[in-house]
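Read through the structure below, which is laid out as C-alpha cells, and then see the notes.
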Amino acid sequence: MEKGPFSVEWLAQSSRGGAREMPGESRPCPPGPPAQRRARRSRGAAPGRSRTKFSAAQLQELERSFREQRYIGAGEKRRLAAVLNLSQSQIKTWFQNRRMKFKRQTQDAR
C-alpha cells in the first residue's frame, strides 16, 4: 500500500506527531544546529511574565508553612495567597520548587 496523502499510514504517523506536512512538501529549517533551536525555544518564562521576586516576609511565611506540611491543601493555598498577596498558582509553584530543593538537599546529604 502506498503512503500517499491521507493514507492510513500517513494519518497514523501524523497523529503521533511524525508527519506535520503533506508528503512531498518541505518546510524551511531554521538556521543553526538543533541544540541552538531548542535553547531559543526554552529560554525563560512566557513573554510578558517576569520572574517573581518574593519578599523576606513572604519567604518566611512560605517556609514556615512548608515545615508544617510539604504538600499544600486548597484551603491553605487560598489563605497564603490572600495573606501574602500572591496568586494561588505562585504558591503552588513555590511549593513544587521547594519540594524539589528539599529532595536535592536530602540526596546530597546521603
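The values are calculated or read from the model by the stated rules, or taken from the named source; none is laboratory data. All of these numbers come straight from a predicted model, not from anything done at the bench. All Cβ positions, even for glycine, are placed from backbone atoms using ideal geometry, and neighbour counts span all protein chains on display. Please note that ligands, DNA and RNA were not included when accessible areas were found on the heavy atoms of the full protein model with its side chains. Shrake-Rupley method; radii C 1.70, N 1.55, O 1.52, S 1.80 Å.
Any residue at all in region 74-97 that's surrounded by 11 or more Cβ atoms within 10 Å (Cβ to Cβ), of a type in the set (D, E, K, R), under 22 Å from the mean Cα position of the chain (by Cα) and modelled with pLDDT under 65?
The answer is no, given that none of the residues of region 74-97 is surrounded by 11 or more Cβ atoms within 10 Å (Cβ to Cβ), of a type in the set (D, E, K, R), under 22 Å from the mean Cα position of the chain (by Cα) and modelled with pLDDT under 65.
Of the conditions (1) at pLDDT below 95; (2) more than 21 Å from Met100 (Cβ to Cβ); (3) out of contact with any Pro (no Cβ under 8 Å at 6 or more places or on another chain); (4) surrounded by 10 or more Cβ atoms within 10 Å (Cβ to Cβ), Arg27 fails just one. Which one is it?
Arg27 satisfies all of (1) at pLDDT below 95; (2) more than 21 Å from Met100 (Cβ to Cβ); (3) out of contact with any Pro (no Cβ under 8 Å at 6 or more places or on another chain); (4) surrounded by 10 or more Cβ atoms within 10 Å (Cβ to Cβ) except (4).
Pairs only if they're at least six apart or on different chains, beta carbon under 7 angstrom, first in region 53-82 and within 13 Å of Phe95 (Cα to Cα) and among the aliphatic types (A, V, I, L, M), second in a loop (DSSP other than H, G, I, E, B) and modelled with pLDDT of 95 or more; list them, first residue then second.
These pairs meet every condition: Ala81/Ser87.
I'd like the full set of residues that are hydroxyl-bearing (Ser, Thr, Tyr) and over 13 Å from Phe54 (Cβ atoms), limited to region 77-110.
Ser89, Thr106
Within region 48-93, count every residue that is small (Gly, Ala, Ser) and in contact with an Asp or Glu (Cβ under 9 Å, 6 or more places away or on another chain).
1
For region 58-73, name all the residues that are open to solvent by 100 Å² or more (accessible area, probe 1.4 Å) and either at positive phi or of a type outside the set (Ser, Thr, Tyr) (or both).
Across region 58-73, the qualifying residues are Gln60, Arg67, Glu68, Gln69, Arg70.
Going by the structure shown, is Ile72 of a type in the set (Val, Ile, Thr) and in contact with a Phe, Trp or Tyr (Cβ under 8 Å, 6 or more places away or on another chain)?
yes
Which ones in region 101-110 are surrounded by 10 or more Cβ atoms within 10 Å (Cβ to Cβ) and either in contact (Cβ under 8 Å) with a residue 40 or more places away in the chain or not charged (D, E, K, R) (or both)?
Matches in region 101-110: Phe102 only.
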